[in-house]
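Report on the structure given below.
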């Protein structure tokens, strides 16, 4: 088979698996800090119980993120040597700064955050939690700077066929970066909100009425309800930014074949690239012109302007609709649940049953969104600078096929184990409720060595 | 050689990369080694062994990311050449690291009856990762040759490195544990030490024979004279440590950290020998560090970050090791 398509599949499999876990840890770090701060302020041990339930999820997610991240750092070289050869002078420093300012910070202080509770003072432990949360966010900062630069590259020149930076400020704060960063951080927040709300709803369904369950349930639900309207606004802004800088991506997302005014919004349909039309389409007249140009006779770019130079239409069209659909679901569920928790201090059973599968709605939306933006960059790896096909390495297709098969099997197994363990942890927490042994909370370091038990 | 930035920067980055690899090999060496020794321990001992590395392994593995990262950012040409040539061993290494990394966490969180499964995965992952690293080192030393001889040499180095890691793991256990497990670890160290010494000797003899260029770098005067302390000192340290294993653990737990420090010193000596053999190549016989380096501007901007951040990283790493100093107790989240 073709090593190019196999390598692309392998990288997609890898990065799809990887992004699931940072999406959780970026925001969960801050939520854990919130639990700790609430505990420090109120001395209510239920906050600490919530912390200890969720810190286990954090530890597991972090480990999954680390091992799949290490894999990715190697795959740049094993499968895409042309990438670093061409743009290494830009990508290199950005990746190096990620490792130096973020990766080490989180990895070192994670140990103290997870296992140091009785070895350092409460203050130092809180500080370690801050540093881990800060590290995960910094990590997102650098990676999204690089990803955004690949989408909308500026601040460089090409000498002897190799890219050289001319302005680092322009490279990092490239046109799509602020939008992408905000969109991704909010996505992480929403993923964690719904994960916490969903697993807490599962605890509620099996009869857990403990204070720590309520605290986690409310935190997740309220946070989701606050973040989702902000995300809808931020996503819209990101879309307008994409229209300005990568119009071919928008044309594919909207499956708009001709540049014209009065473009309808295609709600559903089946884009057919060969016939350059949409089958079975359901449309709102002037919808796309209104959304993208705020005027019914606004001109929306069509795919006819980018023949041979635009991304595949079908995955973008559907990826975008899945993401938006999940977002709407999130809005409905979190606002309904908030109303119930606020006014009735309880949940109707059907709503709780819906919230459990919604625990992973953030994953679905995040993946769908990333597929839109990454497939939307094709056929370029770095827009206008490097084609994906020119970066692939000389490795034999059979080797890539073999490793791809093993990665897929491994990732599937690990994902099943991860989900099973999360469920197990939630059910165990539900069973223990407020009777779980109280953590040894001290405001000063315990005498060492401490006996376990 | 003129001392200007385009000459110096690649040299500095080669040094930094070497430092990151050395720190990685010493630090992740002991936790991979404990994974290898995992199969020899019973349930209770396994929990203690995990407790001895639990707070550290994440940060230890980050040094590998830094090393590969530096290779990637400072020597992009070499990064592509090396990693495409080592495609399958790298893959085996990654699968090993993935398995052991997640096994750490799963074993503590799954229902008790599944714990055994993750213990076994932890052992298998650690062993595979160590073997893969050794194999890659062996093939790399020979300039990424293919063919039966290079593969055989790779296999030899693979077992040598796995034994060396096991020795590191045992030495770390002597430092971090007490009682029967500590006594056991002394026996493990003795056995692993013999294998390590044999492996290192074999590699030292085979390398110059396999590569005429390396032979010429070592066996000429006066270089031979001032290089000779490397093998001689290593030999003395090996013998002395081996003799120590008949006296450890000592009353009052004296010298418990000594085996680890001695092994780390042996690693440094072996590493210095390898570095001398490679210099000035980053891909042996093909690319020198100057041919493979990124643009000086890009290296400069990274160096600024490294100069500020690396000391801080070292500082808080030392702090984290101090927080978890002393004998390992049960790992708990509170």
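The values are calculated or read from the model by the stated rules, or taken from the named source; none is laboratory data. Computed from a prediction, not measured in an experiment: that's the story for all the values here. Here the Cβ positions follow ideal geometry from the backbone for every residue, glycine too, while neighbour counts run over all protein chains shown.
Listed here are the residues, each with its yes/no results for (1) within 14 Å of another protein chain (Cβ to nearest Cβ); (2) assigned to a helix (DSSP H, G or I); (3) closer than 22 Å to residue B:59 by Cα.
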position: B:100; (1), (2), (3): yes, yes, yes
position: B:121; (1), (2), (3): yes, yes, yes
position: B:140; (1), (2), (3): yes, yes, no
position: B:143; (1), (2), (3): no, no, no
position: B:155; (1), (2), (3): no, yes, no
position: B:172; (1), (2), (3): no, yes, yes
position: B:183; (1), (2), (3): no, yes, no
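Scanning the range B:288-302 for residues that are crowded, with 23+ Cβ neighbours inside 10 Å and facing another protein chain (nearest Cβ under 7 Å), which turns out nearest to the chain's Cα centre (by Cα)? Step by step, filter the range B:288-302, then rank; the result is B:302. Would you check if there is a residue in the range A:177-190 being outside any helix (DSSP H, G or I), within 27 Å of residue A:45 (Cβ to Cβ) and more than 14 Å from chain B (Cβ to nearest Cβ)? No; the residues of the range A:177-190 include none that is outside any helix (DSSP H, G or I), within 27 Å of residue A:45 (Cβ to Cβ) and more than 14 Å from chain B (Cβ to nearest Cβ).
Scanning the range A:13-55 for residues that are out of contact with any helix residue (DSSP H, G or I) (no Cβ under 8 Å at 6 or more places or on another chain) and free of Cβ contacts under 8 Å to residues at least 60 places away in the same chain returns A:41, A:42, A:43. Per this entry, residue B:106 is counted among residues that are closer than 24 Å to residue A:53 by Cα and within 8 Å of another protein chain (Cβ to nearest Cβ).
Taking residue A:163, is it touching a strand residue (DSSP E or B) at 6+ places or on another chain (Cβ under 9 Å) and either farther than 13 Å from residue A:89 by Cα or not in a helix (DSSP H, G or I) (or both)? Criteria met by residue A:163. Given the structure, is residue B:83 within 30 Å of residue A:165 (Cα to Cα), at pLDDT below 85 and in a loop (DSSP other than H, G, I, E, B)? Considered against the rule, which asks whether it is within 30 Å of residue A:165 (Cα to Cα), at pLDDT below 85 and in a loop (DSSP other than H, G, I, E, B), residue B:83 comes out as no. For the range A:107-155, residues that are at the interface with chain B (Cβ under 8 Å from one of its Cβ atoms) and touching a residue at least 60 places away in the same chain (Cβ under 8 Å) total 4. Would you confirm, using the coordinates I've provided, whether residue A:269 is assigned to a helix (DSSP H, G or I) and either on the phi < 0 side of the Ramachandran plot or buried (at least 16 other Cβ atoms within 10 Å of the Cβ) (or both)? Spelling it out, it is not the case that residue A:269 is assigned to a helix (DSSP H, G or I) and either on the phi < 0 side of the Ramachandran plot or buried (at least 16 other Cβ atoms within 10 Å of the Cβ) (or both). Taking the criterion of being in a helix (DSSP H, G or I) and more than 24 Å from the chain's Cα centre (by Cα), the residues of the range A:37-76 that qualify are A:37, A:38, A:39, A:40, A:41, A:42, A:45, A:46, A:47, A:48, A:49.
Of the listed requirements (1) over 30 Å from residue B:213 (Cβ atoms); (2) free of Cβ contacts under 8 Å to residues at least 12 places away in the same chain, residue B:122 misses just one: (2). Mind checking whether some residue in the range B:255-263 is free of Cβ contacts under 8 Å to residues at least 12 places away in the same chain and within 22 Å of the chain's Cα centre (by Cα)? Yes - at least one qualifying residue is present in the range B:255-263. Just to be sure before I move on: is residue A:315 assigned to a helix (DSSP H, G or I) and under 26 Å from residue A:229 (Cα atoms) in the structure I sent? Against the criterion (assigned to a helix (DSSP H, G or I) and under 26 Å from residue A:229 (Cα atoms)), residue A:315 qualifies.
Only one entry of B:31, B:58 meets the criterion of being facing chain A (nearest Cβ under 9 Å), in contact with a helix residue (DSSP H, G or I) (Cβ under 6 Å, 6 or more places away or on another chain) and surrounded by 20 or more Cβ atoms within 10 Å (Cβ to Cβ), and that entry is B:58. Quick check on the range A:277-285. Is at least one of its residues in contact with a strand residue (DSSP E or B) (Cβ under 9 Å, 6 or more places away or on another chain) and either part of a loop (DSSP other than H, G, I, E, B) or closer than 23 Å to residue A:202 by Cα (or both)? Checked against the condition, which is being in contact with a strand residue (DSSP E or B) (Cβ under 9 Å, 6 or more places away or on another chain) and either part of a loop (DSSP other than H, G, I, E, B) or closer than 23 Å to residue A:202 by Cα (or both), the range A:277-285 yields at least one hit. When the residues of the range A:11-30 are filtered to those that are surrounded by fewer than 23 Cβ atoms within 10 Å (Cβ to Cβ) and more than 16 Å from residue A:414 (Cβ to Cβ), the one that is modelled with the highest pLDDT is A:30. Can you pull out the residues in the range B:102-116 that are in contact (Cβ under 8 Å) with a residue 24 or more places away in the chain and either surrounded by fewer than 22 Cβ atoms within 10 Å (Cβ to Cβ) or over 21 Å from the mean Cα position of the chain (by Cα) (or both)? The answer is B:107, B:108. On the basis of being within 14 Å of chain A (Cβ to nearest Cβ), over 29 Å from residue B:274 (Cβ atoms), in a helix (DSSP H, G or I) and modelled with pLDDT of 85 or more, does residue B:13 make the cut? No.
Within the bounds of the range A:84-97, is there any residue that is more than 7 Å from chain B (Cβ to nearest Cβ), free of Cβ contacts under 8 Å to residues at least 60 places away in the same chain and closer than 14 Å to residue A:146 by Cβ? Among the residues of the range A:84-97, at least one is more than 7 Å from chain B (Cβ to nearest Cβ), free of Cβ contacts under 8 Å to residues at least 60 places away in the same chain and closer than 14 Å to residue A:146 by Cβ, which makes the answer yes.
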